[in-house]
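Participant: Just dropping this structure here.
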């Protein structure tokens with residue numbers, strides 16, 4: 001059977017009328033590699049290396065996306081403290097409206113964020 005470019009899972013679910021019933025099962029968990037990459041970037045940012053400013057922009061985009069997704073997933077599960085922590089971290093790593101903190105605070109925040117992400121990865125990753 002030849003697949004067209006429009007033959008995707010979501011298209012088939014939509015055409016079958018099951019899109020809205022199965023949408024939650026399609027987009028529930030992110031790959032665990034994303035969590036590991038985000039934690040690695042956060043830990044790399046704590047090292048005393050001369051990193052370019054583009055690295056920190058990438059870090060903010062990746063971390064904000066990961067924490068926003070984690071907050072969304074845990075709010076759906078009706079959890080309370082974990083989505084609030086993820087939301088606060090998503091706001092702090094927001095690349096659109098940057099929050100400038102002292103270097104010492106940023107290093108501590110990166111360590112806490114990486115630790116939280118790795119210790120709670122089962123809540124957002126498959």
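Participant: For the range 89-98, which positions are assigned to a helix (DSSP H, G or I) and more than 19 Å from residue 119 (Cβ to Cβ)?
Facilitator: Residue satisfying the conditions is 91 alone.
Participant: Does residue 33 qualify as being closer than 20 Å to residue 126 by Cα and exposed (fewer than 12 other Cβ atoms within 10 Å of the Cβ)?
Facilitator: Yes.
Participant: When you look at residue 86, is it surrounded by 15 or more Cβ atoms within 10 Å (Cβ to Cβ) and part of a helix (DSSP H, G or I), yes or no?
Facilitator: Yes; evaluated as a whole, the condition is true for this residue.
Participant: Being surrounded by fewer than 19 Cβ atoms within 10 Å (Cβ to Cβ) and either free of Cβ contacts under 8 Å to residues at least 12 places away in the same chain or assigned to a helix (DSSP H, G or I) (or both) narrows it down to one of 42, 79, 49, 59, so name that one.
Facilitator: The conditions single out 49.
Participant: Is it the case that residue 114 is closer than 17 Å to residue 31 by Cα, part of a helix (DSSP H, G or I) and either in the same structural domain as residue 39 (by TED's automatic domain parsing) or in contact with a strand residue (DSSP E or B) (Cβ under 9 Å, 6 or more places away or on another chain) (or both)?
Facilitator: Taking the combined requirement at face value, the residue satisfies it.
The values are calculated or read from the model by the stated rules, or taken from the named source; none is laboratory data. Computed from a predicted structure; not experimentally measured. Methodologically, a virtual Cβ is constructed for each residue, glycine included, from the backbone with ideal geometry; neighbour enumeration extends over all protein chains shown.
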